[in-house]
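What follows is a single structure, written as C-alpha cells, with notes after it.
What follows draws every value from the coordinates through simple rules; no lab data is involved. Predicted model only: the values in this text are computed from it and were never measured. Cβ placement follows ideal geometry from the backbone for every residue including glycine, while neighbour counts extend to all protein chains displayed.
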C-alpha cells in the first residue's frame, strides 16, 4: 500500500530558486552578526552611563514602576518579570544575577539597588536567595542615574517587539562606569574595570571641565588609583598608571591584616579586608589544602568570625615558634589573600568598542553630560515659554475682563467666542482656549498679582536657561556645580590603601622564631610571660608602680627551650617557653599585664599552687625547698628530657611546699619564718643536696602548734629586709593587723634544725603571724588582685612590735634575678 504524502504541493506557477553561498562566507557573516549582537546588546557597557543593556533596563523599569527610595520594597521576582516581559528578551536568571550584583555593597562602590534579604556574600561563598524571597527598590544614588529622563535628555528606542519604549542611555548624573566598574566577556574582547572613589572621580571630572588640556599626571592627583568596595591594599602603582594612560594595566590587591594576640598563648593574623571578589571560604579552603600538603607551615587553626556587627574577621592562628610576619608573607604568595587585577577599559563609544584611558573615559562622560544638561535646559525653556505664553494671554484678558465677559456672553457658541477674542485682543489660539477654559473664580485681583509674579519668575528662568544654552562656559559651570553637589551628598572616604611597593623587610624575616636567650617571668597574680631581653632589669625604688608588676619568680631560658614549674604538692612540670606570650622589648621594668594565666599552660589540682619557676640546666646549683612542717631540701638538678612531669620531693602526709627558689651560687642563706614569729637563717651549704625522690631533712625546729609561713633564699652580701604581719587566730579585719619591716642583717645565723630568733613582738591580742617574707631590696608588695601595696618604714629592732598595716598585703617579692 502506497504511503500518502503530507506535504502541500507547490502552486502551478512555483519556480524553485537555489542560491549557492560559500559556507565560509556564511559562517563569517553569521558569526560577525552574532559577535556584534553580543558586544553591543549584552556584554560591554556604554561609556556614557557605564551600564550594560540589562543594568540599564533594570534601572529604567524600576523607575517606571515607581520603586523610589522613599517607597516600600517589592519582590525581586516582580521587577525581573517586568524587565523580562517588556525590555529584556533573555532569561530571568541573567536579569536576577545583574540585579543582585547591583545590590551588593561588596561588589559595587555605590550600589544602585537597595536590597532586602539575602543577596549573597563576598566571593559568592553564600549564594543569594531566590528572587521570590528577596525584595528591592532603587537606592538613593540610583535616582541620579534617571534624573530628568522625562525631560527629553536622552533618546528612546523601541523594545524587542516594538510595543514599549526604552532609553538608549541614561542621563547619569555621576560617572557610573568609573565609580562602580564593570566586567564582561564578549566575543573576541572583554572588559574589566575596577571601582573608584566617587569624590575622587568627580574632582578629576571637574578639573577636566575647567582645564580640558589636563594631562594624565594631573588627573592622577585626583584619582590616584581604584577604591575597591572591600578595601584592601593595592601594591604597586605602575600598572595603574599604565591603565590610566592606555586603558590596560595590572595591579595587585592584598588583604588587610593585623597581628594580634588571638588567644592568651598564641598570636594570630586577623584579616579584616580581602581582595576584591575574594571571599573568606575560598581563603580558608586554600589554606587547609596547603597545610594538608605541607606546603604551608606555621598555621595552627583558621576561624571565620565574620558577623554583621563587626564585618569581615578571619582569624588565622599562628603556631608558637613561628614569626607571624613571615607566615603572612607565605599566605600572600600561596593563597588568594593577594590577587592580581587586570584592568581592560573596553567600553562602547558611539556603538563601537574602544579601549579608553582615564582622560578619555572622563571626556566621553562629560560630553554626554553636557548634552544631557543642554537638552534638559532646552526642554525646560520650552516648557516655561509655553507657560509664559498662556500667562501673558490671561493677563491681557484680565486688563479688560468686562469686555472679555461681554464678548463671550454675546457669542453664539465657543468657536465664535474664540474667534472674536483672538481678533479683539490679538491673542493666539492657544491663549484664547486657555482663557475660555479658565474658571471665573480665578479672574480676581489677587490672581492677577499671582500671575504677574509668575510671569516675572518665568521670564527670569527663561533668561537663565537661555544664558546656559548660549554660553559654553555657563553650561560647563552648571555641570561642574551639579557634580560637586553629588560628591558632597554621596561621597565617602577612601577604603583602599595605595602602596608604591610591598617592601622587602618581611622577606628577610626567618619563618621560625630564633632560639634567642630570654627570661620567663611569673607575676603575683599568676600571669606568665617571657621577655626578649635575657638580662635582669634593675628595679628602682621610686619607679611608678603598676598592676601585675610584682615578679615572684624569674628564670633565664631560651625562646625554644623549656623551664620547670614547681608546685605546692612537690611536682615539677615542664613548661615550653615558646608557648608563653612575649612582652614588648621596651628595656623598662617588666609589666605582666600582657601575660597569660597559669591555667592556659598547666593543669593544677584544686588545692595545688605554682610556687616558683626553675631552670632545667643540670649545671645549676639546684633547687632549695621549704615545707609547711619545717623540712628543707636541696634538689640535685637531674631532670630527664623525656618526662613532662617529675617529683622533686617526697612529702609527708599533710605537708606541702610553702617556698622554693633556684639557687644562683649556692652561697645563699636559707630563711624560715614561722607562724609563732620565729626566724631561722643558715647557709645553704649546710644542706646536703639530695636526689629527686628524697624527702629532705629537718630545716627548723617548730614550736607547739606552729607552722612555716615563709621560706626564701637570700644573698648575704645584698641589702635585704624582713617583712612580717601579726594578728590573732580569729582576725579577719585587716585594720587590726600590725606589720614590721626590718633590715635582714639584724638577724644572726643559727644552726640548721634549731628554733631561730624572734622577728616580731606580739602586742596585746596578737598571737600569730599571718604573713611573712625575707628577701632582697627593693621589695615590692601587692594586694591579691595585683594592685600595688605600700610597705611601712623600716624598723631596726628585730624583735620590736609592729605598727598598723597600711594596706592589705597578699604577696611581696624582691627584684627578679
| note | With Cα coordinates, the longest principal axis of the chain makes an angle with the long axis of helix 324-334, in degrees rounded to 10, of 40 degrees
| query | Simple spin-label model, 7 Å along Cα-to-Cβ: residue 389 to residue 248 in nm? | reply | 5.6 nm
| To the nearest 500 deg cm²/dmol, what mean residue ellipticity at 222 nm is calculated for the chain from DSSP H runs of n ≥ 4 alone, each contributing -39,500 (n - 2.57), summed and divided by the residues? | -9000 deg cm²/dmol
| task | Subtract the Cα-Cα distance of residue 619 and residue 801 from 0.36 nm times their separation in residues, and report this length gain in nm to one decimal. | result | 61.2 nm
| In degrees from 0 to 90, rounded to the nearest 10, what is the angle of the helix 53-64 Cα long axis to the longest principal axis of the chain? | 80 degrees
| Compactness of the range 212-294, expressed as Rg and Dmax over alpha-carbon positions, Å | 17.8, 60
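Could you calculate, for the range 669-726, the ratio of the Cα radius of gyration to the Kirkwood radius, expressed as Rg to Rh? Present the calculation step by step, with values, prior to reporting the outcome.
Values: Rg = 12.8 Å, Rh = 12.9 Å.
Ratio of gyration radius to Kirkwood radius: 0.99.
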| remark: With a Förster distance of 45 angstrom and the Cβ-Cβ distance between residue 349 and residue 415, calculated FRET efficiency to the nearest 0.05 equals 0.25
| Förster radius 25 Å - calculated FRET efficiency between residue 603 and residue 707, Cβ distance, rounded to 0.05 | 0.35
| Can you work out D for the range 160-243 in µm² s⁻¹ from Stokes-Einstein, where Rh is the Kirkwood radius over C-alpha pairs, the temperature is 4 °C and the viscosity is 1.567 mPa s? | 85 µm²/s
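Give me the number: length gained by fully extending residue 459 to residue 440, i.e. 0.36 nm times residue separation minus the C-alpha to C-alpha distance, one decimal in nm. Don't jump to the answer; show the numbers that get you there.
Numbers: separation 19, 0.36 × 19 = 6.84 nm, distance 2.56 nm.
Extra length from residue 459 to residue 440 when fully extended: 4.3 nm.
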| Between residue 93 and residue 516, 0.36 nm times their residue separation minus their Cα-Cα distance comes to what? | 146.2 nm
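How large is Rg over Rh for the range 332-413, taking Rg from the Cα atoms and Rh as the Kirkwood inverse mean of 1/r across Cα pairs? Please report the intermediate quantities before stating the final value.
Working: Rg = 29.8 Å, Rh = 19.2 Å.
With Rg and the Kirkwood Rh in hand, the quotient comes to 1.56.
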| Relative compactness, the range 697-761, computed as alpha-carbon Rg over 2.2 N^0.38 Å | 1.28
| Cα convex hull of the chain: how many Å³ per residue? | 369 Å³
| task | Note the angle between two axes, namely the Cα long axis of helix 76-86 and the longest principal axis of the Cα atoms of the chain, as a number of degrees from 0 to 90, rounded to the nearest 10. | result | 30 degrees
| request: Specify the inter-centroid distance of the range 355-414 and the range 137-184, based on alpha-carbon positions, in whole Å. | output: 24 Å
| note | Extend 7 Å from the Cα of residue 403 along its Cα-to-C-beta direction; within the range 411-446, residues with backbone N under 12 Å of that point are 421-427
| query | Using alpha carbon centroids, what distance separates the range 197-270 and the range 425-498, in Å? | reply | 41 Å
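Would you please report the Å³ per residue occupied by the convex hull of the alpha carbon atoms in the range 517-813? Mind dumping the intermediate values first?
Details: hull volume 37.8 nm³, N = 297.
It comes to 127 Å³ per residue, whole-number rounded.
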| note | Percent antiparallel among DSSP beta bridges confined to the chain, nearest 5, equals 95 percent
| note | So, with points 7 Å from each Cα along the Cβ direction, the residue 216-residue 532 label distance in nm works out to 4.3 nm
| Over the alpha carbons of the range 256-336, what is the largest minus smallest coordinate on each principal axis, giving the biggest first in Å? | 33, 28, 17
| Kirkwood Rh in Å, taken over all unlike Cα pairs in the range 298-365 | 16.1 Å
| the range 52-169: projected area of the alpha-carbon convex hull, averaged over directions, in nm² | 7.0 nm²
| said: If I model a spin label as a point 7 Å beyond the Cα along the Cα-Cβ vector, how far apart are those points for residue 488 and residue 753 in nm? | reply: 9.6 nm
| Semi-axis lengths (Å, descending) of the ellipsoid that matches the C-alpha gyration tensor of the range 196-255 | 22, 14, 7
